[in-house]
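The values are calculated or read from the model by the stated rules, or taken from the named source; none is laboratory data. On a predicted model such as this, the values are computed, not experimentally measured, just so you know. Glycine also receives a Cβ, built like all others from the backbone with ideal geometry; neighbour counts cover every protein chain displayed. Note: areas computed on protein heavy atoms with side chains; ligands, DNA, RNA excluded. Shrake-Rupley method; radii C 1.70, N 1.55, O 1.52, S 1.80 Å.
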Amino acid sequence: MIAVRNGHRARARMVGLGAHVPERIVTNRDIAEHVDTSDEWIVERTGIRERRFVADGEAASDLGVIAARRILDDAGLLAEEVDTLIVPTASPDHIFPSTAALVAERIGAHRAAAFDLNAGCTGFVYALAQACALVEAGIGRNALIVGAEALSRLTDHSDRSTCILFGDAAAGAMIVAGEDDSTTGFLGFELGADGAGGPDLIVPAGGSRQPLEEAEPGDAYIQMNGREVFRFATRVMVESITRLLNALEMGIQEVDVLVAHQANSRIIDNAIGQLGIPAERVINNLDRYGNTSSASIPLVLAEARDAGRLRPGHLMLLTGFGAGLTWGSTLVRYEPR
Ligand code: COA
């Protein structure tokens, strides 16, 4: 991709959505066969009923390639037209090369700059900010975001506090340059990170701090302080949304659709109660997919679009939180081509 800025001042718009989930369904009862838990406990404490797992040998990029093609179809664009390909992921195929470079190669996005973005489960919202900034700065016109996750590969399936939560999926959106005088697109972002909470949600080994050959048993898997993460998430989701709305001098009643990162229905219900948004404007699907990290928000959006719940012009409030610890919210109008 090469960019020459010539006074380019286009607004960024979200024009396409798409998703792909692996075939294998793992129900709560399946999990209860190998750890001490129950369908009732998991549904009551998390809202999750089932999730999808990749097949043996399948990785994040395999899901990402299919989702990317669907997003391109929805946006009416060809892979060669993609200027930037961002893969937010917490479960990349490798430390390097980036999963984005692998996806770009396989879909034929040969002109694209491609990179992964690691902001835990806030990855999609961070990637929207990146894509919006690039497009509005004139550094490329079309940015493809594909959240791609194979978290089941990083999960200790004997740890009942984490193995019930996570699922695999890929989903994303196409961000393109709109017209100069457009008043829509992204209204604003509120993003943050607090590394002090890093140890609360971590894969300790496999990086330069603790190479795999030095790893203790279990350190190559997700480790989580569930109560701390729960406390953090319930606080930060409401704070982030409130800061964003205040900065925009808007009220929650102006929001048509709220899609939150799908981690736990109790976290989302708590926020709905505090924010005062009508429950029918909040769209969830975590009962069927669990926590798919960077894929979770666009997975809801793609399904909502297919179900006719997303209309052109709808003002969408998207909010996420996750490893880092990170958080982020944005308000964007849905403007399909
Ligand atoms: N089945 C049955 N019991 C379980 C269990 C499971 N799958 N997981 C934990 N428990 C037990 C605990 O061992 C504990 O038992 P104890 O009282 O004998 O010690 C008891 O349930 C309560 O544990 P607690 O951690 O307080 O449960 P909780 O209500 O906080 O629910 C989580 C646990 C993980 C569901 C919850 O903390 C959570 O969702 N946290 C946020 C996780 C998250 O969203 N992470 C990703 C962020 S992007």
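Observations
- Simple spin-label estimate for Ala220 and Met250 gives 4.5 nm between the two label positions (7 Å along the Cα-to-Cβ direction from each Cα).
- His157, His110, His314, ranked by accessible area, largest first (probe 1.4 Å): His110, His157, His314
- Against the chain, whose longest principal axis comes from its Cα atoms, helix 123-136 is set at around 10 degrees.
- Dipole of the chain computed with +1 at Lys/Arg Cβ and -1 at Asp/Glu Cβ about the Cα centre; of Leu244, Leu85, Gly178, farthest Cα towards the positive end is Gly178.
- Amide H contacts under 5 Å for Arg141: Asp83, restricted to partners 5 or more places along the chain or on a different chain, H placed in the peptide plane at 1.01 Å from N.
- Between the helical axis of 226-247 and the longest alpha-carbon principal axis of the chain there is an angle of about 20 degrees.
- Accessible carbon and sulfur surface of the chain relative to its total accessible area, %, 1.4 Å: 48
- Amide H partners (placed H, <5 Å) of Ala12, local residues excluded: Gly178, Phe186
- Per residue solvent-accessible surface (Å²) - the chain, probe of 1.4 Å: 42
- Amide H contacts under 5 Å for Leu258, placed H, 5+ residues apart: Val282, Ile283, Leu317
- Global dimensions of the chain from alpha-carbon coordinates: Rg and Dmax equal 18.9, 62 Å.
- Which of Leu63, Ala100, Pro312, positive extreme of dipole for the chain (C-beta unit charges): Pro312
- The chain: antiparallel DSSP beta bridges as a percent of all, rounded to 5: 70
- The solvent-accessible area of Phe186, taken with every protein chain present and a 1.4 Å probe, is close to 10 Å².
- Within the chain: Cβ-based charge dipole about Cα centre, in debye rounded to nearest 20 (Lys, Arg +1; Asp, Glu -1): 840
- Residues considered: Leu301, Leu317, Leu102. Largest GNM mean-square fluctuation over the chain, using C-alpha springs under 10 Å, is found at Leu102.
- Whole-Hz couplings from phi, Karplus 6.51/-1.76/1.60, listed for segment 185-196; x for Gly and Pro: x, 7, 7, x, 9, 10, 10, x, 8, 9, x, 4
- Within the chain, helix-based [θ] at 222 nm, where runs of 4 or more DSSP H residues each add -39,500 (n - 2.57), nearest 500: -9000 deg cm²/dmol
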